[in-house]
Amino acid sequence: MTTSMLPEMYGSSVGAHVVDTDIENGTMRLKMCVEAEHITTSGVLDEGLVATIADNHTTFLLMSHSLSVQPDQMPISVSICLTVHTMARIAPGTDIEIVCSTPLATSTLKQPQAAAVFVDAHDNRIVYAK
């Protein structure tokens, strides 16, 4: 089977792309231009979109970070909670930055946590979702 025949990972083609990753410190930044299909009738980011992007990218981040601090252990890939809150209205064509982090970036990783914050790419004081 060729890669072109493999099914696309759910949510991987929404236009979010990784800008930088710091595995040691447990952070990742993505950029994305919001399209009309990403916005609900209430004018906020679709919660399913937010949850999918957050889950897909924080899973990779948790696994990579856990392997960097505990290379002899199985990678951690599941956080203890996934909660989505939309915070502000958004318009099509808005450039956003998605900041993923593992707030519990310690060597113990007893309760793995991950966060994703969706902010305006030009004014990070505007939070669209978290």
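The values are calculated or read from the model by the stated rules, or taken from the named source; none is laboratory data. Given the structure is predicted, the values throughout are model-derived calculations rather than measurements. FYI the Cβ positions are ideal-geometry reconstructions off the backbone, even for glycines, and counts take in every protein chain you see.
Met87 meets all of the listed conditions (1) in contact with a helix residue (DSSP H, G or I) (Cβ under 9 Å, 6 or more places away or on another chain); (2) within 22 Å of Asp123 (Cβ to Cβ) but one, namely (1). For Met9, the criteria (1) in a strand (DSSP E or B); (2) modelled with pLDDT under 85 hold in every case but one, which is (1). When the residues of region 26-46 are filtered to those that are touching a residue at least 60 places away in the same chain (Cβ under 8 Å) and not in a loop (DSSP other than H, G, I, E, B), which remaining residue is farthest from Ala115 (Cα to Cα)? Among them, the one singled out is Cys33.
Restricting attention to region 97-118 and to residues that are modelled with pLDDT of 70 or more and more than 12 Å from the chain's Cα centre (by Cα), the residue that is nearest to Thr58 (Cα to Cα) turns out to be Gln113.
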